[in-house]
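Let me begin by presenting the structure, written as structure tokens, before commenting on it.
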Amino acid sequence: MKVLIVGSSGRLGSECKNVLGQAHELITPSKKKLNIISWDGVIECLQEVSPDVVLNCAGFTNIKACETNDFAVRKINVEGPRNLAQCSARFECVLIHISCGHVFDGQKLVPQPYFEDDTANPLSAYGKSKVESEMAVRGNAPDYIIIRSGWLYGIKGNNFLKSTLKQALREKPKPIRVPDDQYGSPTWSHRLALQIKELMEKNAKGTYHMTAEGHCSRFEYAKYVLDKLDIKATLEPCSIKDLKGPKTPANCLFENRLAKKQGFNVMVDWKDDLDSFLDEFGKALIKEVKTKKT
Ligand SMILES: NC(=O)c1ccc[n+]([C@@H]2O[C@H](COP(=O)([O-])OP(=O)(O)OC[C@H]3O[C@@H](n4cnc5c(N)ncnc54)[C@H](OP(=O)(O)O)[C@@H]3O)[C@@H](O)[C@H]2O)c1
């Protein structure tokens, strides 16, 4: 298939570029070449490239900054996906769009998971924009796949795993406060890219929840990583209510119901993938967080 990946320089987009590039023809324009907020730019690009699939990994993803950048968030997270959806409809290609657990309020009692058809009720500006992005895709692209995921980690860019390591490896480490009342399923972005490939190749349609199997609290996640890398640090349990910044859902558990029903689920237990990731990249991560200034 000919796949146009938007946002291929990002954390998830770069994994998709590696994984999909092994079996498909990819077109991976930079933001400078294809800015999704430009309707004309999107139309011209799709006309020129004529892809079978448009994979949208672009987004305004800094959750804190979303609270104070309403205009940019709307443009990138809502109008951009709408442009992609309308143009995908015009050129009859499939649109794959990535969403997340911030569309829910996380009020379900753990371990009850969220299903694809549960009612959205976002707590933050980011979550609200992701709900609207989904509506823009559903309302305009006849042939779409929306994939909701969360708690992603990988080698590129920042994530919770790296920030925990960074705090633990400070010259004078302080106790690291981590919520023990927020639950999710740490998901390797490489695994999500494999899952996207599977859904794309099987001509999946609709909205899919796609996170690793099993779950843990943030606290258990941080402890698992530090133990596995044999790093001594003091973790201090706290509540998500004690953390500054935009509200995030306490329960981020997803059931991959539709993908399982259709035989498309390639997710594995979160610990299995995290073990593989840390075996392969643990040393590089430690080196990176020790040398990086910010
Ligand atoms: N990270 C997570 O934990 C997570 C979890 C669930 C869902 N998601 C969703 O997955 C998607 C990708 O997330 P990510 O973490 O990989 O994002 P990311 O690392 O922040 O990358 C965002 C990408 O979007 C590009 N971009 C930004 N504005 C653009 C525009 N106007 N036109 C074209 N490209 C633009 C960026 O290009 P530049 O680098 O040139 O700015 C970058 O390549 C997002 O929709 C996000 O909501 C992420």
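The values are calculated or read from the model by the stated rules, or taken from the named source; none is laboratory data. None of these values were measured; they are calculated from a predicted model. Every residue, glycine as well, gets a Cβ built from its backbone with ideal geometry; the counts of neighbours run over all protein chains shown.
Points worth noting:
- Residue, farthest from the chain's Cα centre (by Cα), within the stretch 122-137, restricted to residues that are assigned to a helix (DSSP H, G or I) and without any contact (Cβ under 8 Å) to a residue 24 or more places away in the chain: Met135
- Looking across the stretch 94-127, just one residue is of a type in the set (S, T, N, Q) and surrounded by 24 or more Cβ atoms within 10 Å (Cβ to Cβ), and that is Ser99.
- Screening the stretch 1-81 for helices (runs of 4 or more DSSP H) wholly inside it with 2 or more residues that are in contact with a strand residue (DSSP E or B) (Cβ under 8 Å, 6 or more places away or on another chain) and away from the ligand (no atom under 13 Å from the Cβ) returns the ranges 39-49.
- A single entry from Ser276, Ser239 fulfils the requirement of being within 26 Å of Lys174 (Cβ to Cβ) and either in contact (Cβ under 8 Å) with a residue 60 or more places away in the chain or surrounded by 17 or more Cβ atoms within 10 Å (Cβ to Cβ) (or both): Ser239.
- The single residue among Gly13, Gly21 that is surrounded by fewer than 17 Cβ atoms within 10 Å (Cβ to Cβ) and either within 18 Å of Ile196 (Cβ to Cβ) or in contact with a Gly (Cβ under 6 Å, 6 or more places away or on another chain) (or both) turns out to be Gly21.
- Cross-chain or 6+ apart pairs with Cβ under 6 Å, the stretch 51-63 first and within 22 Å of His190 (Cβ to Cβ) and aliphatic (A, V, I, L, M), then within 7 Å of the ligand (Cβ to nearest atom) and modelled with pLDDT of 95 or more: Ala58/Val6; Ala58/Gly7; Ala58/Ile36
- Scanning the stretch 133-181 for residues that are within 14 Å of the ligand (Cβ to nearest atom) and under 18 Å from Ser217 (Cα atoms) turns up Ser149, Gly150, Trp151, Leu152, Tyr153, Asn159, Phe160, Leu161, Lys162, Ser163.
- The C-beta contact set for the stretch 26-41 (first residue without any contact (Cβ under 8 Å) to a residue 60 or more places away in the chain, second residue among the polar types (S, T, N, Q), distance under 7 angstrom, 6+ apart or interchain) comprises Thr28/Ser8; Ser30/Ser9; Ile36/Asn83; Trp39/Asn83; Gly41/Asn35.
- Matching residues, the stretch 197-228, being charged (D, E, K, R) and in a loop (DSSP other than H, G, I, E, B): Lys202, Lys205
- Against the numbered list (1) at pLDDT 95 or above; (2) on the phi < 0 side of the Ramachandran plot, Gly214 comes up short only at (2).
- Residues located in the stretch 82-119, provided they are assigned to a helix (DSSP H, G or I) and over 21 Å from Asn203 (Cβ atoms): Arg82, Asn83, Gln86, Gly101, His102, Val103
- Checking Lys261 against (1) free of Cβ contacts under 8 Å to residues at least 60 places away in the same chain; (2) in contact with a strand residue (DSSP E or B) (Cβ under 7 Å, 6 or more places away or on another chain); (3) surrounded by fewer than 20 Cβ atoms within 10 Å (Cβ to Cβ), the condition it does not meet: (2)
- Some residue of the stretch 182-197 being among the aromatic types (Phe, Trp, Tyr) and either surrounded by fewer than 22 Cβ atoms within 10 Å (Cβ to Cβ) or touching a Cys at 6+ places or on another chain (Cβ under 7 Å) (or both): yes
For (1) among the small types (Gly, Ala, Ser); (2) closer than 18 Å to Gly10 by Cβ, each residue gets a yes or a no:
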{"position": "Gly157", "(1), (2)": "yes, yes"}
{"position": "Leu194", "(1), (2)": "no, yes"}
{"position": "Glu201", "(1), (2)": "no, no"}
{"position": "Met210", "(1), (2)": "no, yes"}
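- Against the conditions (1) within 14 Å of the ligand (Cβ to nearest atom); (2) farther than 30 Å from Lys244 by Cα, Val103 satisfies every one except (2).
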